[in-house]
Each structure stands twice: as structure tokens, then as C-alpha cells.
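The block underneath contains the structure these notes are about, expressed in C-alpha cells.
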Amino acid sequence: MLFSGKKFRRVRCENLDEMLSATQANEDIVRVLKSKAPIVTFTMKDENTIHMDLEVEGKHVTHSFNFGEEHEMERKDGGKVKITYTREGNNILNQVIKMPDGKIAYFRREIMGKEIKMIVNMEGSDLTATIYYEVIE
């Protein structure tokens, strides 16, 4: 995957506040989506495993996932979320996050060279937010 190992920083958002307000999104999702310029790196470990590094407001989170397998992650409040990554071809990563409160968030990352366009949908709403990332070198 051409984006493997590259660091991307969020540069702008469209319709994010409206979508989060309409869906009464979980506090963890709101915090991550609205935090100051998170940096994310996805690195392919092998054909089926991806490693994610996320730097958000001075904190570093790292996880490895197998495509198509649901993975449970513990939040800092002790709650657990279930995350599944899938991919389409070499430039699209899909992520589904199931929250403890039953809500589901859908993320579709379209990687285009030095940019990522992330489309976010929350179950229970027709609104969509788009978040743009650019590679940092």
C-alpha cells in the first residue's frame, strides 16, 4: 500500500460539528475527531495486518489489526469498543467502531498520494462529515 509508513496530519473538516450534534456522538469519538491536528500513521506489517500509530494532544496510541477481524480495545475510562478494519484495493481503508452505548461509527479513508479524505458516518444520521489529512515529511 502506497501510504504505508507515511505520517498524515488533519488539515480541515467539513460538516463535522453538524454531524456530531445531530448524532449525539460518544464523548470519545467527539474528543478524537475535534482534537487539535491528530497525526496518524498506518503501516502494513504483512498482507493481512496493519499497524496504526495515532498522536493526539501529546498522547501516543498504537494498535495492530488484522483485516476483517473484530478487535476489542479498552478506552481510558475502562469501556471497550470493538473495531474492524477492511480494505478495498490499495488505497481505501474502512473502519467500523462499535461503542459500548450501542452506537456505530463508520470511517472510510480514501488515500490519494499525499492526502487522505476520511468520510465519517454515524449510525442514526444521514449526515456525513469529511476530514482531510495531508502527509507530513
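The values are calculated or read from the model by the stated rules, or taken from the named source; none is laboratory data. Every value quoted in this text rests on a predicted model; they were computed, and no experiment measured them. Cβ placement follows ideal geometry from the backbone for every residue including glycine, while neighbour counts extend to all protein chains displayed.
In the stretch 16-42, of all residues being within 23 Å of residue 98 (Cβ to Cβ) and assigned to a loop (DSSP other than H, G, I, E, B), the one that is modelled with the highest pLDDT corresponds to 38.
Residue pairs whose Cβ atoms lie under 6 Å apart, sitting 6 or more positions apart in sequence or on different chains, and linking a residue in the stretch 113-137 that is farther than 28 Å from residue 99 by Cβ to a partner that is β-branched (Val, Ile, Thr), are 114/135; 134/11. Those strands (runs of 3 or more DSSP E) of the stretch 60-137 in which at least 3 residues are hydrophobic (A, V, I, L, M, F, W, C) and under 22 Å from residue 18 (Cβ atoms), considering only elements entirely within it, cover 104-112, 115-122.
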